[in-house]
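What follows is a short report on a single structure.
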Amino acid sequence: MSVRFSAETGLVIVRAELWGPAGSTILRMALDTGAVTTPVNADPMTWVGYDLAACSSRVQLTTGSGVEYAAKVTVQRMASLGLKREGFPIVCHTLPPSANVDGLLGLDFLRGQVLQLDFRLGEIVLE
């Protein structure tokens, strides 16, 4: 699958879809090969029906500003770049509003795939 991105400015942004008990939503995700996990802001998680207050699973998350603890939720499905992950673990961590994305598409989503980023053409290929 091949996806275009803006190679001249800012983050590499990709579209993702997240499914939960109450439906699905479209997310703007920053492709982040420096993120081991895939964090998603709390609002989209609640929109699709996940109760984060009732989540008993918490993980330690190292961020640019320090170490934090965040809820870990196994979502029904997440899809991006032509790849679908069923029963996929998401870390619920709200990024600063200035990030202007709903989350980060991390290495856990990409593992087992071949990822090519062509900054000359502004193209992502995931095989």
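The values are calculated or read from the model by the stated rules, or taken from the named source; none is laboratory data. Source: prediction; values computed, not measured. When we count neighbours, we look across all protein chains shown, and the Cβ atoms used for this are built from the backbone with ideal geometry, even at glycine.
Please indicate, with yes or no, whether at least one residue in the stretch 114-124 is buried (at least 19 other Cβ atoms within 10 Å of the Cβ), out of contact with any Phe, Trp or Tyr (no Cβ under 6 Å at 6 or more places or on another chain) and not β-branched (V, I, T). Looking through the stretch 114-124, none of the residues is buried (at least 19 other Cβ atoms within 10 Å of the Cβ), out of contact with any Phe, Trp or Tyr (no Cβ under 6 Å at 6 or more places or on another chain) and not β-branched (V, I, T). Here is a check on your reading of the model: is A71 farther than 15 Å from L105 by Cα, modelled with pLDDT under 95 and not in a strand (DSSP E or B)? No; evaluated as a whole, the condition is false for this residue. Any residue at all in the stretch 103-110 that's of a type in the set (D, E, K, R) and either modelled with pLDDT under 95 or outside any helix (DSSP H, G or I) (or both)? No, the stretch 103-110 contains no residue that is of a type in the set (D, E, K, R) and either modelled with pLDDT under 95 or outside any helix (DSSP H, G or I) (or both).
Cβ-Cβ distances below 9 Å connect the following pairs, each with a first residue in the stretch 95-113 that is in contact (Cβ under 8 Å) with a residue 40 or more places away in the chain, a second residue that is surrounded by 15 or more Cβ atoms within 10 Å (Cβ to Cβ) and in a helix (DSSP H, G or I), and a separation of six or more residues or different chains: D102/P44; G103/P44.
Within the stretch 77-113, being exposed (fewer than 15 other Cβ atoms within 10 Å of the Cβ), under 20 Å from T63 (Cβ atoms) and of a type outside the set (A, V, I, L, M) holds for P96, P97, S98, N100.
Matching residues to (1) charged (D, E, K, R); (2) in contact with an Asp or Glu (Cβ under 9 Å, 6 or more places away or on another chain); (3) under 27 Å from S2 (Cβ atoms):
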{"site": "A22", "(1), (2), (3)": "no, no, no"}
{"site": "D43", "(1), (2), (3)": "yes, yes, no"}
{"site": "D51", "(1), (2), (3)": "yes, no, no"}
{"site": "G64", "(1), (2), (3)": "no, no, no"}
{"site": "K72", "(1), (2), (3)": "yes, no, no"}
{"site": "R77", "(1), (2), (3)": "yes, yes, yes"}
{"site": "D108", "(1), (2), (3)": "yes, no, yes"}
{"site": "G122", "(1), (2), (3)": "no, yes, yes"}
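For the stretch 22-34, the criterion of being under 10 Å from the mean Cα position of the chain (by Cα), among the hydrophobic types (A, V, I, L, M, F, W, C) and not in a strand (DSSP E or B) is satisfied by no residue at all.
Is at least one residue of the stretch 1-13 over 12 Å from the mean Cα position of the chain (by Cα), outside any loop (DSSP other than H, G, I, E, B) and farther than 21 Å from V125 by Cα? No, because not a single residue in the stretch 1-13 is over 12 Å from the mean Cα position of the chain (by Cα), outside any loop (DSSP other than H, G, I, E, B) and farther than 21 Å from V125 by Cα. Only residues that are at pLDDT 95 or above, more than 18 Å from L107 (Cβ to Cβ) and among the small types (G, A, S) were counted across the stretch 1-59, and they come to 5. Of all residues in the stretch 74-102, count the ones that are assigned to a strand (DSSP E or B) and of a type in the set (D, E). Number of matching residues: 1.
In the stretch 23-40, is there at least one residue being surrounded by 11 or more Cβ atoms within 10 Å (Cβ to Cβ), among the polar types (S, T, N, Q) and farther than 23 Å from Q116 by Cα? So far as the stretch 23-40 goes, yes, one or more of its residues are surrounded by 11 or more Cβ atoms within 10 Å (Cβ to Cβ), among the polar types (S, T, N, Q) and farther than 23 Å from Q116 by Cα.
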